[in-house]
Amino acid sequence: MIITPSTLKKRRSPQALRNFVIEIKDSVRANYEELRLGIQKRGLYKEFLEEIVPLSLFAPLIYPESHEIQPVLGNQGYDALVFDEMGKEIDRIEMTIPHDGNAAVKDVKLIVDRGYGQFKVGNPGDDLNAIFPYVLDNCRKKAIKDYYDCTLVVAIEPMPPFKSFESQYEKQIKVLVSEMTKIIFKAKRVFLFALPDRVIKL
């Protein structure tokens, strides 16, 4: 496997973390067996794709380049530590990507079996509306837990808005944010992160 625990857990600046993720993705795409493992989220690819990839997009938007991000593997209640230029821990990050798990499993099986996933037909914004229940359900579950020393990041990956439908996209995001703000989190701070670069503090 191309990725190892030691390479994943290495401290890096926000941009160095992003560069590391890009390098890994390029290496995996060039290796058929690794690509299959990645598609199926086998081994460390689950943590890599669900935690470190979105973390690598989020960190450069929030933390200065003088800081270092250290991914943490396991079930300890946070996915990364953040250190300032003096090496002092200043933050912990918990990443979560709400999604339809059953649909994702079926899609992966199709990709592995035939080389491509499901075709979906709908109206602009349908994909964003479809993930709302998963986001809110995930947030309610997270709200029960204690994240007082953590930055909680709720990441979503909707399709980019179609041309001339940007205002509809913005309205949908505002609705989601409005619903999320009704939930009381026990966290230092909470962000909605619409990949790849939209960060909204709740």
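Scanning region 21-55 for residues that are surrounded by fewer than 18 Cβ atoms within 10 Å (Cβ to Cβ) and closer than 19 Å to Val153 by Cβ yields a count of 3.
Among residues that are touching a Ser or Thr at 6+ places or on another chain (Cβ under 6 Å), closer than 24 Å to Asp197 by Cβ and surrounded by 13 or more Cβ atoms within 10 Å (Cβ to Cβ), Asp91 is included. Could you say whether any residue in region 164-174 is modelled with pLDDT of 95 or more, β-branched (Val, Ile, Thr) and closer than 20 Å to Phe58 by Cβ? No, region 164-174 contains no residue that is modelled with pLDDT of 95 or more, β-branched (Val, Ile, Thr) and closer than 20 Å to Phe58 by Cβ. When the test is whether a residue is assigned to a helix (DSSP H, G or I) and outside the structural domain of Ile52 (by TED's automatic domain parsing), Tyr147 does not pass it. Just give me the residues in region 69-83 being over 15 Å from Thr151 (Cα atoms) and either in a helix (DSSP H, G or I) or at pLDDT 90 or above (or both), in sequence order. Result: Leu73, single match. When region 115-131 is limited to residues that are charged (D, E, K, R) and either at pLDDT 95 or above or in a helix (DSSP H, G or I) (or both), the one that is surrounded by the fewest Cβ atoms within 10 Å (Cβ to Cβ) turns out to be Asp126. Of the residues making up region 26-63, those that are assigned to a helix (DSSP H, G or I) and touching a residue at least 12 places away in the same chain (Cβ under 8 Å) number 22.
Taking first residues from region 5-18 that are touching a residue at least 60 places away in the same chain (Cβ under 8 Å) and surrounded by fewer than 17 Cβ atoms within 10 Å (Cβ to Cβ) and partners that are part of a strand (DSSP E or B) and not polar (S, T, N, Q), the Cβ contacts under 6 Å between residues at least 6 apart in sequence or on separate chains come to Lys9/Pro71; Arg11/Glu68.
Looking across Thr181, Thr151, one residue alone is crowded, with 19+ Cβ neighbours inside 10 Å and polar (S, T, N, Q). It is Thr151.
Residue by residue, here is whether (1) in the same structural domain as Phe191 (by TED's automatic domain parsing); (2) at pLDDT 95 or above holds:
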site	(1), (2)
Glu85	no, yes
Val105	yes, no
Leu110	yes, no
Asp113	yes, no
Pro133	yes, no
Arg140	yes, yes
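Confirm whether Arg12 is of a type in the set (Lys, Arg) and touching a strand residue (DSSP E or B) at 6+ places or on another chain (Cβ under 7 Å). Taking the combined requirement at face value, the residue satisfies it. Counting the residues of region 161-180 that are farther than 14 Å from Asp126 by Cα and not in a helix (DSSP H, G or I) gives 2.
The values are calculated or read from the model by the stated rules, or taken from the named source; none is laboratory data. All values derive from a computational prediction rather than experimental measurement. With ideal geometry, Cβ positions are generated from the backbone for all residues, glycine too; neighbour counts draw on all protein chains shown.
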